[in-house]
Ligand SMILES: Cc1ncc(COP(=O)(O)O)c(C=O)c1O
């Protein structure tokens, strides 16, 4: 158990008051007092810009009570269940007078702080209104004259926008072990392709593609086209063999790295994300940007980037949640990918719509279908207590023998 683990009492209270383990719907009537109690906590949450262990435990109690009261529990969009750091909330509350402002001057500070945190000069950074904005405009900057190459399935933002612009998109199916099929991607990287998308770890499959092979592909491909590496889940990776492709940007290659404030920083509602690339690439992308995060996004992100304690505690909690799900799915005899993200992807043996419906009846909102893996489910990692409740609910829903393991990429 980690030092910031909330008391066993709070866990028992949670399980009792939610009624989730008993398989019932959320018992909202019993929640209001615990939410009120949790919100009243007056422990110091932040010291010297870092969320304290005690502060995190209090924050966790409040978050769990809030999520329960909001029910069903959101496990569908890979958000950070803990939301923004107490330090980010404090910065926004203290800067509330900026509510009428556009992003400046906070965006300038954010650029500086982010550049420092990843070890590149400031002119290598661009701030966007969520990485979805980058995934759109990069097509305008680099995809319009040719074709786009992407693994499939993957995060849909870039290929979907390319198709809406009439750009031809080559979608290369994943290998049977759910890796990017780099050999086939290499073959499909003809002269007509001028933009390549790579997502590592990949969404929806949660896994990494083998590091050396991926890096070698990215580096080679960047000599023939612009390569965008989406590292939205970078901060959740615990596999020591993984490394970011950011060093390729530092080496001056045709590589754009996409990172987001929506995951480990819990700022999805504030639409704040980071682009790391050579200055001439940034100069080409910047005029195409149609918006930027507002002042609150900048304030929250600056505080959160500096609050390394909060990031570490969220990462640790995510690992605990992942392990709970791994044990539960393995016990059910189902196949799953090796998650290095804040979600898991596993075989259910039935159409995922059916699983979604049954889980919703038990109080959990889970991910949609990702064709061709129509009998696989994606569940985002919530708090460890929430994942214990999910693990207890799953056997009822998918407990029978697997119906098929073939035909859907298994
Ligand atoms: C791989 C990947 N990239 C980008 C995004 C979009 O993130 P943002 O909130 O920064 O637009 C997501 C969201 O789930 C994602 O999974």
> Hey, with R₀ at 25 Å, roughly what FRET efficiency would residue 190 and residue 251 work out to, going by the Cβ-Cβ distance, to 0.05?
Replying inline: 0.50
>> Counting each pair of different Cα atoms once, what's the Kirkwood radius of segment 254-372 in Å, rounded to one decimal?
In response: 17.6
>> With just the Cα atoms defining each centre, how far is segment 60-122 from segment 139-213? Give it in Å.
In response: 30
> Using a ≥ b ≥ c from the Cα gyration tensor of the chain (square roots of the eigenvalues), is it rounded, prolate or oblate, where a/c under 1.5 gives rounded and otherwise the larger of a/b and b/c decides, a/b for prolate?
Replying inline: oblate
> Extension gain residue 54-residue 94, at 0.36 nm per residue separation less the Cα-Cα distance, in nm?
Replying inline: 12.2 nm
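Nearest 5 is fine: what % of DSSP beta bridges in segment 91-306 come out antiparallel, could you say?
The antiparallel fraction comes to roughly 30 percent.
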> How are the Cα pair distances of segment 91-306 distributed, in percent, across 10 Å bins from 0?
Replying inline: 8, 36, 36, 16, 3, 0
> Using a Förster distance of 60 Å, how high is the FRET efficiency between residue 183 and residue 308, based on the Cβ-Cβ distance and rounded to 0.05?
Replying inline: 0.95
> Ranked by Cβ crowding within 10 angstrom, fewest neighbours first, how are 93, 122, 133, 79 ordered?
Replying inline: 93, 122, 79, 133
> Between residue 101 and residue 239, what FRET efficiency comes out of the Förster formula 1/(1 + (r/R0)^6) with R0 = 56 Å and r the beta carbon distance, rounded to 0.05?
Replying inline: 0.85
> What fraction of the DSSP beta bridges in the chain is antiparallel, stated in percent and rounded to the nearest 5?
Replying inline: 45
> So what is the 222 nm mean residue ellipticity for the chain from helices alone, if each DSSP H run of at least 4 adds -39500 (n - 2.57) and you divide by all residues, rounding to the nearest 500 deg cm²/dmol?
Replying inline: -12500 deg cm²/dmol
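Using the number of other C-beta atoms within 10 angstrom as an exposure proxy, rank 256, 125 with the fewest first.
125, 256
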>> With 10 angstrom as the radius, rank 242, 102 by how many other C-beta atoms surround their C-beta, starting from the fewest.
In response: 102, 242
> For segment 186-277, what is the convex hull (Cα atoms) projected area averaged across all directions, in square nanometres?
Replying inline: 6.4
> Packing-wise, with mean Cβ within 10 Å as the measure, how do 373-382, 189-198, 283-292, 111-120 rank, highest first?
Replying inline: 373-382, 189-198, 111-120, 283-292
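Read the figures in this text as sums done on the coordinates, not as results from a lab. On a predicted model such as this, the values are computed, not experimentally measured, just so you know. Glycine also receives a Cβ, built like all others from the backbone with ideal geometry; neighbour counts cover every protein chain displayed.
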